[in-house]
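The values are calculated or read from the model by the stated rules, or taken from the named source; none is laboratory data. The structure presented is a predicted model; accordingly, all values stated were derived computationally and were not measured. Counting neighbours? That spans all protein chains shown, and the Cβs are built from the backbone with ideal geometry, glycine included. Remember, those area values only see protein heavy atoms, side chains included, never the ligands or the DNA or RNA. Shrake-Rupley method; radii C 1.70, N 1.55, O 1.52, S 1.80 Å.
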Amino acid sequence: DFDLAIISSPAISADWLEEKFDYDGYIFLSKHAAESGVLALTCHNTGNFSDAKFGGNSRQVSIPHPYIQKSYMQNLWDTRSMFPGFQITIEATHHGPTALNKPALFIEIGTTEKEWNDVNLCNSVGQIIIDVMKEEQKSYPIAICFGGTHYSEKFTNEVINGKFALGTVIPKHALEFLNKSLFQHLITRNNSAKTALLDWNSLGKNKQKIIELLSTTELEVIKI
């Protein structure tokens, strides 16, 4: 029920994909890099809250892939003994592509060339993805997330152990870019979301702005 396409151009710039492929959604298999060098297996939805420095368009987010993300993260967590030394985490929404009209999700292996070229590691992650794609996807309530760090422990715990699947995740450092037009764009791209999860203690100076923006919607607001 799925195809594998290998593209020569960077996946973060694959906004052209629908010109050649017409699918229900897109899952990008990619490498993960981090200055910390911490070994990590990550998963995240895509989008830019300010300038588009790494693919996609400025101030545009993709349509999330919440059910696939939750299923993948849960399966990955259940098999974590296969990946000793690796942090298993979601990342906040970042980088492109952003313009696709169907859901987009990045699944990444980090963090150095050693891991990117580890055939056994890549095969192990690939098998989990195949298992997920073969499953009939369960339905969960979807939440948009506000606050937290780029590697949010609270939102990672929610996607693995909680009842919510996650839509766009706007980290604390990006909250300053939210205004009415970007917020409305987020709501449109997350049109199945009924809830907003707030990492309450990390909203900082933008707390009141977030509360006022959410008050214009019918989203249930939950502080975590």
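Overview of results
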quantity	calculated
Amide N of the range 126-158 lying under 18 Å from the label point, which is placed 7 angstrom from the Cα of Gln74 along Cα→Cβ	128-144, 155-158
Restraint check, Lys138/Lys205; Lys20/Lys194; Lys31/Lys194; Lys53/Lys172; Lys102/Lys194; Lys53/Lys138, Cα-Cα greater than 30 Å	Lys138/Lys205; Lys20/Lys194; Lys31/Lys194; Lys53/Lys138
Cβ-derived FRET efficiency at R0 30 Å, Asn120 paired with Lys20, nearest 0.05	0.40
Overall Cα dimensions of the range 142-217, principal axis frame, Å, largest first	32, 26, 17
Carbon plus sulfur fraction of accessible area for the chain, probe 1.4 Å, in percent	50
Solvent-accessible area per residue for the chain (1.4 angstrom probe, square angstrom)	51
D (Stokes-Einstein, µm²/s), Kirkwood Cα radius, the range 51-113, 1.002 mPa s at 20 °C	160
Ordering of 33-42, 15-24 by burial proxy (mean other Cβ atoms within 10 Å per residue, highest first)	33-42, 15-24
Longest to shortest principal axis, alpha-carbon extents of the range 38-169, angstrom	37, 34, 27
Ordering of 164-176, 44-56 by packing [mean C-beta count within 10 Å, highest first]	164-176, 44-56
Percentage relative contact order, the chain, counting C-alpha pairs under 8 Å, at least six apart	23
222 nm mean residue ellipticity, helices alone, for the chain (DSSP H n ≥ 4; -39,500 (n - 2.57); rounded to 500)	-8000 deg cm²/dmol
Where the Cα pairs of the range 2-95 fall when distances are cut into 5 Å bins, in %	2, 11, 19, 22, 22, 14, 7, 2, 0
The range 90-224 pair-distance distribution - Cα-Cα, 5 Å bins, rounded %	2, 9, 17, 20, 20, 14, 9, 6, 3, 1
Inter-label distance for Val221 and Asp1, nm, one decimal - labels placed 7 Å from Cα along Cα-to-Cβ	3.8
